[in-house]
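Worksheet: the structure to be examined is printed underneath.
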Amino acid sequence: MKKLKTILRVALIAFAAIVTGLKIYSWNAETLVGNAMPMPFGYGSAVVLSGSMEPELSVNDVIIVHKEEDYDIGDIVVYQSGSELIVHRITDITGEMVTTKGDANNIADDPVDKKNIKGTVVMVIPFIGVIVNFLKSTVGMIVLITAAFLLTELSFHKQKKRDYQDIDAIKEEIRRLRDEQSSESE
């Protein structure tokens, strides 16, 4: 049981560190460079915010996006329009311009340059977006860091208490041995 608690504590601390690091990385990319979806190692992720791609993608689905060299009609892509990310399907390609449309929309989007496309959707994780958005929020970060701190502190507190109990037991044994020794010498 002790090993399991230690493993859980380390896992939570590692998770908190990774989430915090990614939050700082994303914040820097968004505020300093204006990049709404950083793509380290050619991959990025986002949470679907609208129902424009229903039934293929739903609100709060997490999508994993991979940067591609080229795109085809029918690919679901993510592109940046100003500071927003749009997730729609390619309906037409004319030279370097791509037209997209949400599956649930009646009207196609204005054409965008291929260089604005972040990548294609390669994986969908349904409904996790609620958790991701919470962890990305200030309150979520505070809760995560506080939980990691408290679990770490509590485990160290319990270990410290056990150490004191061990020291008290050793002191008691020393007293007993002294008493035994003094009674033998009398």
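Before moving on, here are some points about what is shown:
- Note that the range 47-126 presents 53 Å² accessible area per residue, ligands and nucleic acids not counted, probe 1.4 Å.
- A Gaussian network model of the chain, with springs between Cα atoms under 10 Å, assigns the largest mean-square fluctuation among Val62, Val130, Val47 to Val130.
- Chymotrypsin sites (Phe, Trp or Tyr not before Pro) within the range 87-186, DSSP loop, no more than 16 other Cβ atoms inside 10 Å: Phe127
- Between Asp72 and Thr94, the modelled labels are 2.3 nm apart [label points 7 Å from Cα along Cα→Cβ].
- Summed residue charge, Cβ within 9 Å of Gly119's Cβ, Lys/Arg positive, Asp/Glu negative: +1
- Spatially proximal lysines relative to Lys101 (Cα-Cα < 27 Å; intrachain offsets below 8 disregarded): Lys67, Lys114, Lys115, Lys118
- Pairwise FRET efficiency - Leu49 versus Ala14, Cβ, R0 = 35 Å, nearest 0.05: 0.75
- At q = 0.11, 0.16, 0.19, 0.24 Å⁻¹ the log10 of I(q)/I(0) for the range 93-186 amounts to -0.71, -0.93, -1.03, -1.15, computed by Debye summation with a single uniform scatterer per C-alpha, solvent ignored.
- For the chain, complete DSSP H runs whose alpha carbons reach 18 Å or more along their own long axis and whose mean Kyte-Doolittle score is -0.5 or higher are 2-28, 138-185.
- Restricting the calculation to Cα atoms, the chain shows an Rg/Rh of 1.36 when the hydrodynamic-style radius is the Kirkwood one.
- Where labels lie 7 Å past Cα in the beta-carbon direction, separation of Arg178 and Lys160 in nm: 2.7 nm
- In summary, the lysines within cross-link reach of Lys2, defined as a Cα separation below 21 angstrom excluding same-chain residues under 8 places away, comprise Lys158, Lys160, Lys161.
- The calculated 222 nm mean residue ellipticity attributable to helices in the chain amounts to -16000 deg cm²/dmol, summing -39500 (n - 2.57) over DSSP H runs of n ≥ 4 and dividing by all residues.
- Taking only the Cα atoms of the range 90-131, the ratio Rg/Rh comes out at 1.07, with Rh defined as the Kirkwood radius.
- Choice from Asn60, Asn106, Asn116 showing the highest fluctuation, given a GNM over the chain with Cα pairs closer than 10 Å: Asn106
- Alpha-carbon geometry of the range 40-102: the Rg and the Dmax are 11.7, 33 Å, given in that order.
- Fraction of accessible area attributable to carbon and sulfur, the chain (%, probe 1.4 Å): 62 percent
The values are calculated or read from the model by the stated rules, or taken from the named source; none is laboratory data. This one's a predicted model, so the numbers in the text were calculated from it and none came from an experiment. Cβ sites come from the backbone with ideal geometry, for glycine too, and all protein chains shown count toward neighbours. When the accessible area is computed, the model is the full protein with side chains, heavy atoms only, and any ligands, DNA or RNA have been set aside. Shrake-Rupley method; radii C 1.70, N 1.55, O 1.52, S 1.80 Å.
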